[in-house]
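Asker: Can you read through this structure? Questions will come right after.
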Amino acid sequence: MDALKKILNWPREIKFPVWDMLRAFLKHYQSEALFSGLQAGGEIITSLAIGLESDFSEAIFTLILKTFCNALIQNSNKGGMLKNSEIIFISLKSISSKTQLTSANFLAAFSAFLYNYSIALIEKKL
C-alpha cells in the first residue's frame, strides 16, 4: 500500500503505468484502504481528475475513466467517489469540451462511467 501511494506521486508525464496499476488494484477489496479516512480517497480522485484536465492523449483519458469505473466496485471506494463528486464532475466538464475525443473506446468508457456512477447513486439512495 505504501509503495502504491509513493508511485501515485510520480510526475504526470510518466503516470500512465501507475494509473493502469491503480485501475487493476481498485477491483481488489484491499483497495478500500485507499478510500478510508477523512479524505475518502480525495487525493487519488484529485490526481485522476487533474489528468482529465490536462492535455493528454485519448488513450490516457480512456484509462482514467476506466479507473474511475473500477473505483465504483468496492463499497468504501464508492462512498469516496460520491463524496468527491464535485471534483469528478468538474474534470468531466473540462474533458467533454474537447472535440477531438470521438473514438468508440473513449465514448464507451465515458458512458460506462456515467452509467456506473448513476447506479452508485441509486444504491446509496442519493
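The values are calculated or read from the model by the stated rules, or taken from the named source; none is laboratory data. Predicted, not measured: the structure shown is a model, and the values here were computed from it. Note: ideal-geometry Cβ built from the backbone for every residue, glycine included; neighbour counts use all protein chains shown.
Asker: Quick one: is SER103 within 25 Å of ASN9 (Cα to Cα) and touching a helix residue (DSSP H, G or I) at 6+ places or on another chain (Cβ under 9 Å)?
Answerer: Working: within 25 Å of ASN9 (Cα to Cα): no; touching a helix residue (DSSP H, G or I) at 6+ places or on another chain (Cβ under 9 Å): yes.
No: the conditions fail for SER103.
Asker: Do any residues in region 70-97 that are at pLDDT below 85 and polar (S, T, N, Q) have Cβ atoms under 7 Å from those of residues that are in a helix (DSSP H, G or I) and surrounded by 19 or more Cβ atoms within 10 Å (Cβ to Cβ), where the two are at least six apart or on different chains, and which pairs are they?
Answerer: GLN74/SER31; SER76/PHE35; ASN77/SER31; ASN77/PHE35; ASN84/ILE45; SER91/ALA49; SER91/LEU52; SER94/LEU52
Asker: Now for a separate question. Could you run through region 61-98 and say how many residues are of a type in the set (A, V, I, L, M) and buried (at least 18 other Cβ atoms within 10 Å of the Cβ)?
Answerer: First, the residues of region 61-98 that are of a type in the set (A, V, I, L, M): 63-65, 71-73, 81-82, 87-88, 90, 92, 95.
Imposing the further condition that a residue be buried (at least 18 other Cβ atoms within 10 Å of the Cβ) reduces the set to 63-65, 71-72, 81, 88, 92, 95.
Looking only at that region, the number is 9.
Asker: Which of the following residues is in a helix (DSSP H, G or I), under 19 Å from ASN105 (Cβ atoms) and at pLDDT below 80: LEU52, LEU65, LEU4? Steps first, answer last, please.
Answerer: Working: LEU65 fails: at pLDDT below 80; LEU4 fails: under 19 Å from ASN105 (Cβ atoms).
None of the others qualify; the one that does is LEU52.
Asker: Yes or no: region 27-45 includes at least one residue that is surrounded by 15 or more Cβ atoms within 10 Å (Cβ to Cβ), modelled with pLDDT under 75, within 11 Å of the chain's Cα centre (by Cα) and among the small types (Gly, Ala, Ser).
Answerer: Within region 27-45 (the criterion being surrounded by 15 or more Cβ atoms within 10 Å (Cβ to Cβ), modelled with pLDDT under 75, within 11 Å of the chain's Cα centre (by Cα) and among the small types (Gly, Ala, Ser)), the answer is yes, since at least one residue qualifies.
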